[in-house]
Amino acid sequence: MGLVSLVSELEQTRRVTLDLVALATDEELCTSYHPDFSPIGWHLGHIATFEAFWVLERAHGEPPLSSTYDRLFDPRQVVKGERSQLPSRTELLSFAEETRRRTIEWLRRDVECAHRFETPTPHESEGVNLRRGLFVYRFILMHEQQHAETIATILRMRPRERREAVRGFPSFVRDTRPPTRAERLEVAAGPVHIGEDDPVVGDDNERPRRQLELRSFRIDSRPVSNAEWLSFIEAGGYRRPELWSREGWEWCSREGVEMPFSWVRTDDGLFLKAFTGDVPLPLAHPVEGISHHEAEAYARFADRRLPTEAEWEHAARQFGDSSPHVGLQCCGTRPLGEGTDFVGNVWEWTASTFEGYPGFRAFPYEGYSQAYFDGAHRSMRGGSWATQARIARPSFRNWYQPHWRAMFVGVRLAG
C-alpha cells in the first residue's frame, strides 16, 4: 500500500470515528453505559494517545505529547470504573487532530526513505523495526478501526430516543420475509493452512501461519437467525439447565438473562435495539447480542456444536463471500440468505479458547494479544456490519470473555 492509499485510509477511518463521536452529547461522552465498556470520550482519547505513543514516541523518538493523557488513557493504569473524568470534547478533538497531523508528516518522510528499512540489520533499533513496511501506520489504523466499532457498540446502548435522533447514518433496513433455511456445507478432511504470516496484513496472534489436519465436518451456510433463536426461547431454552454448561447456567441464573442483549420486549411485541432506534424484530436477520454461554446452550438445543477456529477459518476461505456486509454501510444486519456471511454481518463465537499459535511471538508488545492467553477468553471470527474492511478477513481473531454479550456477535453451527 502506497502513501496515497494509506493516507486515504487513515483519513477515512478518522472520519468514521469522528462521525460516531459526534452522535454523542457532551454528557454521553463521559457516560459509562455498561460495566464492561469505557465511555465514548475515553475511547477517543485512547485512540489518539495510542497513536502518539507508537508513531511519535516509539517509532520516531519524540517526547510525549502529554504525560497526563498517557496515564489517563492507558487501560493498565486507569480501571474502567474510573474513566468518566475526562477532558472536554474540544480538548480531546484538538489532541487527536494534532497527533494525526504529526503522524501524516512522519508517514510522508518514511515513505520517501522506505528503502532504508528494507533489509534488517543485526542491531536495528525498535523505531526502524516499527517503520519497516510502514507497519506502525497500519498498526494504529487497525487499532482505531477496532475502537470505532466499540464506540458504535456503546452508541447502541443509549436510550431509544437518543438512537432515534441519529443523523448522518443510514437507517436500519428491516426485511419482513421469513428466513431461508440454512444449508449444511460439507467440508472434506485434509491438510489446511490457518493464520497469516504477513505482518503488514495480520496481527501477532495470527502468526505463524500453520498447517493442520482437519477431519471432515459440516458447517451451516449462514449464522443462526432471530426466528430460530425465538424458537429456542419459546422452547424454554433459558429455563433448561441441561442445555447449559455449569458456568453458563450460573451466569444465566444470576443475571436473569432471558433473551439476547439486543432484543427488547414491550406490550407491542419483540423489538430489536438497533443503532438508529428500535424496530420490530427482523426474523430473517442473524441473531446478535449473545454471549458464548448462550451460543453453547443454543447449539445443544439444536443438537449441534460450535465450530473450532480452524474449522471456521478454513470454511470461510472456501465458501466466504466476495462482498462482505461491513463498514457501517447500513447501520445494522442484513437478511440472511443473500450470502454466506462468513465475513461481515455479525461476529461469530467459536468453540476455541483464545491462545497463541505454536511458535507465537508478541509484536509489537506483549499486551496486545498475549495478556489474553489466560484461558478465560473465547475466540470470535468474521466481523460485523460495523467492522471495517481491513479487519473483516478470515484470519482475524477477536476475543472476549464468555459472559460478554453487548457486541454485534452471533453464532454459526457446525456438526
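Bear in mind these aren't lab numbers, they're just calculated from the coordinates by the rules spelled out. It should be emphasised that the depicted structure is a prediction, and the values quoted were computed from it without experimental measurement. Cβ atoms come from the backbone with ideal geometry, glycine included; neighbour counts cover every protein chain shown.
May I ask for the net charge around H325, where only other residues with Cβ less than 9 Å from the Cβ of H325 are counted and Lys, Arg are +1 while Asp, Glu are -1? Could you put the intermediate results ahead of the total?
Numbers: positive: R334; negative: D321, E338, D341.
Local net charge: -2.
When the helix-only estimate is applied to the chain (DSSP H runs of n ≥ 4, each -39,500 (n - 2.57), divided by the residue count), what is the mean residue ellipticity at 222 nm, nearest 500 deg cm²/dmol?
Mean residue ellipticity at 222 nm (helix-derived): -10000 deg cm²/dmol.
Can you sort R222, R138 from fewest to most other Cβ atoms within 10 Å of each residue's own Cβ?
On the way: R222 24, R138 18.
Exposure proxy ranking, most exposed first: R138, R222.
Can you tell me the relative contact order of segment 184-411? Whole percent, Cα pairs under 8 Å, sequence separation 6 or more.
Details: 460 pairs, mean separation 56.2, N = 228.
Reported as a whole number, the value is 25 percent.
For L214, what residues show an amide H to amide H distance below 5 Å, using hydrogens built from the backbone and excluding near sequence neighbours?
Here G190, V192 satisfy the definition.
Taking neighbour Cβ counts within 10 Å as the exposure measure, how do C330, C113, C252 sort from fewest upward?
Numbers: C330 19, C113 9, C252 23.
Fewest to most other Cβ atoms nearby, the residues stand as C113, C330, C252.
What is the sum of charges around A362, taking Lys and Arg as +1, Asp and Glu as -1, for the other residues whose C-beta is under 11 Å from the C-beta of A362?
On the way: positive: R207, R361; negative: D203, D204, E366.
Neighbourhood net charge equals -1.
Sort out for me the Cα centre separation of segment 286-320 from segment 159-215, rounded to whole Å.
One Cα centre to the other: 11 Å.
What percent do you get for the relative contact order of segment 46-175 when only Cα pairs under 8 Å and 6+ apart count? Spell out each step's value before the answer.
Working: 70 pairs, mean separation 38.7, N = 130.
Here the relative contact order equals 30 percent.
Just want to confirm a number: the relative contact order over the chain, from Cα pairs under 8 angstrom separated by 6+ residues, in percent. Can you show the working numbers first?
Numbers: 742 pairs, mean separation 70.3, N = 415.
Over the chain, the number comes to 17 percent.
Going by how many other beta carbons lie within 10 Å of each one, how would you line up S66, S291, fewest first?
On the way: S66 18, S291 26.
Exposure proxy ranking, most exposed first: S66, S291.
List every residue whose amide H lies under 5 Å from the amide H of W404, counting only residues 5 or more places away in sequence or on a different chain, with H placed 1.01 Å from N in the peptide plane.
Residues meeting the criterion, in which the H sits 1.01 Å from N, are H292.
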